[in-house]
């Protein structure tokens, strides 16, 4: 009847009205019977940390789909980009050996504070050769130390394309190629030459940290020979900044 009050709609079951968490995201670049290549987002741990709030991580997400997935190398929690994982112990040994023997080529993109000078060398590459050690008094930081540090080498050059999100002169986009793989190597080396990575909560000044909502460091490319077929493989991830 027109104008009559309608009865209240029945309440939905509680399980339907409660917001459910989104399933964990896992961006897969490549997967086969020997290795996985994943695109890690910034803010996600590579392996579990201490405490129940640090159990969600890249390795756990991968192992939910591939129970035999094993870590070979890591990216810092704040760093995004390409990560390779092994499937099974034999693949882990082969890939770990390739990293140890420096047969894996890695390239990163970073936005650093200031404007590093151009190189006169062919290709524009410059080298930072400074030994690094753990800063035991200020963990988890690392420091340059000629006394206690391990040899650490980074090649870098200015990128042909600059970041559209930062004003010219305040920051510069660089391509980075680490020869060694020390803890926080790229971050400490760039701070040591006076150009910390923008958004770095450990090595940049407060003003440099405030220039971006995250650490502007991304693993864009990883090259290796497949541990079974021996074929050269290149994996890439587009820089998000």
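Read-outs: derived from the displayed coordinates by stated rules, not from any lab. Computed from a prediction, not measured in an experiment: that's the story for all the values here. So basically every Cβ, Gly included, is an ideal-geometry build from the backbone, and we count neighbours across all protein chains shown.
Quickly work out the residue 73-to-residue 29 label distance, labels modelled 7 Å from Cα along the C-beta direction, and quote it in nm with one decimal.
Each label point is offset 7 Å from its Cα along the Cβ direction, giving 1.0 nm.
Please give the length that would be gained between residue 137 and residue 100 if that part of the chain were fully extended, namely 0.36 nm times their separation in residues minus their C-alpha to C-alpha distance (nm, one decimal).
Extending this stretch completely gives an extra 10.5 nm.
Over all distinct alpha-carbon pairs, what is the Kirkwood Rh of the stretch 181-241 in angstrom?
Kirkwood hydrodynamic radius for the stretch 181-241: 13.5 Å.
Suppose the Debye formula is applied to equal point scatterers at every Cα of the stretch 115-241; what is log10 I(q)/I(0) at q = 0.12, 0.18, 0.23 Å⁻¹?
Treating every Cα as an identical point scatterer, log10 I(q)/I(0) equals -0.52, -1.09, -1.45.
Determine the percent antiparallel among the DSSP beta bridges restricted to the stretch 53-204, to the nearest 5.
95
Taking N as the number of residues in the stretch 101-165, what value does Rg over Cα atoms divided by 2.2 N^0.38 Å take?
Expressed relative to 2.2 N^0.38 Å, the Cα Rg reads 1.38.
Run the helix sum for the chain: -39,500 (n - 2.57) per DSSP H stretch of 4+ residues, divided by residue count, reported at 222 nm to the nearest 500 deg cm²/dmol. Walk me through the numbers before you get to the answer.
Values: 5 runs with 36 residues, N = 241.
After summing the helix terms and dividing by the residues of the chain, the value is -4000 deg cm²/dmol.
So between residue 180 and residue 150, what do we pick up on full extension, going 0.36 nm a residue minus the alpha carbon distance?
Working it through step by step, the gained length comes to 9.8 nm.
Which of the peptides 139-149, 76-86 is most tightly packed, and how do the rest follow, judged by the mean count of other Cβ atoms within 10 Å per residue?
Highest mean packing first, the order is 76-86, 139-149.
Measure nothing but the geometry: give the 0 to 90° angle between the long axis through the Cα atoms of 89-100 and the longest principal axis through the Cα atoms of the chain, rounded to 10°.
So the helix axis and the longest Cα principal axis differ by about 40 degrees.
What's the extension gain from residue 125 to residue 231 if we count 0.36 nm per residue and subtract their Cα-Cα distance?
Between residue 125 and residue 231, full extension yields an extra 35.4 nm.
If you average the sequence gap of Cα pairs under 8 Å that are 6 or more apart and divide by the length of the chain, what percent do you get for the contact order?
18
I need the shape label for the stretch 50-110. Rule: rounded when a/c is under 1.5, else prolate if a/b > b/c, else oblate, with a, b, c from the alpha carbon gyration tensor. Intermediate results must be reported in sequence, preceding the final value.
Working: a/c = 2.25, a/b = 1.18, b/c = 1.91.
The shape class here is oblate.
What number do you get for the stretch 23-236 when its Cα radius of gyration is normalised by 2.2 N^0.38 Å, N = residues?
In units of the globular-protein estimate, the stretch 23-236 measures up at 1.04.
Using a Gaussian network for the chain with springs between C-alpha atoms less than 10 Å apart, which of these wobbles most: 224, 174, 137?
So, out of 224, 174, 137, the one fluctuating most is 137.
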